[in-house]
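K.L.:
Below is a structure I'd like to ask you about.
The values are calculated or read from the model by the stated rules, or taken from the named source; none is laboratory data. Just so it is clear, the structure is predicted and the values come from calculations on it, not from any experiment. Glycine also receives a Cβ, built like all others from the backbone with ideal geometry; neighbour counts cover every protein chain displayed.
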Amino acid sequence: MPTYTFRCPNCGPFDLTSAIRDRGSTPACPVCEAPARRVFGAVGLTTFTAGHHRAFDAAAASAERPTVVKSIPAGADRPRAPRRNPGLQSLPRW
């Protein structure tokens, strides 16, 4: 459930977690029980690292100018040994 910020005219701001379907209701202040109004603030933004920016740039560049592959990369279809579960080794073999 999302957390909303409300402002009481007497006590100031407070946060309240409520369901989205309850958006039309006017909550009461938890201290003085006066009706409070919802406060609209800035959205939460995430800062990305340099690695994230490089990945975003590479994805955007490949969407506009995809590289052309002329042959299958070496070692792509190597057979792999099946992975065995060590817990099943003690079971009887039929």
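K.L.:
Is at least one residue of the stretch 77-88 under 34 Å from the mean Cα position of the chain (by Cα) and in a strand (DSSP E or B)?
P.N.:
The answer is no; no qualifying residue exists.
K.L.:
To continue, here is another question. Working carefully through the options VAL68, VAL39, VAL31, find the one that is of a type in the set (Val, Ile, Thr) and in contact (Cβ under 8 Å) with a residue 24 or more places away in the chain. Steps first, please.
P.N.:
Values: VAL68 fails: in contact (Cβ under 8 Å) with a residue 24 or more places away in the chain; VAL31 fails: in contact (Cβ under 8 Å) with a residue 24 or more places away in the chain.
Just a single option satisfies the conditions, and that option is VAL39.
K.L.:
Among the candidates PHE14, PHE56, single out the residue that is surrounded by 10 or more Cβ atoms within 10 Å (Cβ to Cβ), touching a residue at least 12 places away in the same chain (Cβ under 8 Å) and outside any loop (DSSP other than H, G, I, E, B).
P.N.:
PHE14
This table checks each residue for (1) at pLDDT 85 or above; (2) over 30 Å from PRO13 (Cβ atoms); (3) in contact with a helix residue (DSSP H, G or I) (Cβ under 6 Å, 6 or more places away or on another chain).
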site: ALA34; (1), (2), (3): yes, no, no
site: ALA42; (1), (2), (3): no, no, no
site: THR49; (1), (2), (3): yes, yes, no
site: ALA55; (1), (2), (3): yes, yes, no
site: ARG65; (1), (2), (3): no, yes, no
site: SER71; (1), (2), (3): no, yes, no
site: ALA74; (1), (2), (3): no, yes, no
site: ARG84; (1), (2), (3): no, yes, no
site: LEU88; (1), (2), (3): no, yes, no
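Residue-by-condition table, conditions (1) surrounded by 11 or more Cβ atoms within 10 Å (Cβ to Cβ); (2) part of a loop (DSSP other than H, G, I, E, B):
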| position | (1), (2) |
| --- | --- |
| ARG21 | no, no |
| GLY24 | no, yes |
| ALA42 | no, yes |
| ALA61 | yes, no |
